[in-house]
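These notes concern the structure reproduced below.
The values are calculated or read from the model by the stated rules, or taken from the named source; none is laboratory data. From a predicted model like this one, the values you see are computed outputs, not experimental measurements. FYI the Cβ positions are ideal-geometry reconstructions off the backbone, even for glycines, and counts take in every protein chain you see.
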Amino acid sequence: MINTQTLARPYAKAAFEFASAAGQTDSWSKMLNLAAIAVEVPDVAALLNDPRLTSESKVKELVRLLGDDADEAFRNYVQTLGENDRLAVLPTVWELYEDIKAQAEKTLEAEVETAFELSNEQLQTLAAALSKRLDRTVNLQQAVNPALIGGVLIRAGDVVVDGSVRGKLSQLAESLKS
């Protein structure tokens, strides 16, 4: 069976190319997000999986739900997804679209986990250092986790930097065991 990533990838690329050419990457991001959320609502998901309904009626219902939040081009996009029976992959399309958009804009969402809350100045300094190291604009989200004891744990895409006291203690315990 083919996975949803494979099904969604061409639709995400096409959406990004169109939105980028039209200078509407942010608005398409919002419309895709709204559509992705809509198809995951249990009642809507049941409607989309109802074999008695035609693809046209499913598209009409989804477009009705999106209302004025979707422009004509996006409604046509949803129509194409519906004609190819791909409305259920909208959440994956949105995720892949966001990845393509982040790569094009050279941005990266990162999470910094600390034992204590950092000041805005500390967060900005850390974001600047990560931006320089990763050659991307890094947007930091902070999470406080007292179990770290001290230090920081940074997750930025595929990069994980564990500078926490808990991490160092775990490394020490592993080295003592071997």
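Data table
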quantity	calculated
Hits in the range 148-169 (condition: exposed (fewer than 12 other Cβ atoms within 10 Å of the Cβ) and either at pLDDT 85 or above or assigned to a strand (DSSP E or B) (or both))	VAL160
Which numbered condition GLN124 fails, given (1) outside the structural domain of SER29 (by TED's automatic domain parsing); (2) crowded, with 18+ Cβ neighbours inside 10 Å; (3) in a helix (DSSP H, G or I); (4) of a type outside the set (Lys, Arg)	(2)
Unique residue being under 30 Å from ASP135 (Cβ atoms), aliphatic (A, V, I, L, M) and touching a Pro at 6+ places or on another chain (Cβ under 8 Å) when the list is ALA102, ALA14, ALA22, ALA36	ALA36
Lone qualifier among LEU62, LEU118, LEU47, LEU81 - being over 24 Å from the mean Cα position of the chain (by Cα) and under 21 Å from THR4 (Cβ atoms)	LEU47
Every residue from the range 54-69 that is touching a Leu at 6+ places or on another chain (Cβ under 7 Å) and not basic (Lys, Arg)	GLU61, LEU62, LEU66, ASP69
The lone exception for THR92 - which of (1) free of Cβ contacts under 8 Å to residues at least 60 places away in the same chain; (2) assigned by TED's automatic domain parsing to the domain that holds SER20; (3) out of contact with any Lys or Arg (no Cβ under 8 Å at 6 or more places or on another chain) it fails	(1)
Test: residue in the range 111-120 that is surrounded by fewer than 17 Cβ atoms within 10 Å (Cβ to Cβ), in a helix (DSSP H, G or I) and at pLDDT 90 or above	yes
Candidate set from the range 1-36 (those that are in contact with a helix residue (DSSP H, G or I) (Cβ under 8 Å, 6 or more places away or on another chain) and β-branched (Val, Ile, Thr)); member that is nearest to ALA104 (Cα to Cα)	THR25
Among the candidates THR114, THR125, residue that is within 24 Å of ARG166 (Cα to Cα), free of Cβ contacts under 8 Å to residues at least 24 places away in the same chain and β-branched (Val, Ile, Thr)	THR125
Pairs with Cβ under 8 Å, 6+ apart, first in the range 25-48 and small (Gly, Ala, Ser), second not in a helix (DSSP H, G or I)	SER27/ASP71; ALA35/ALA70
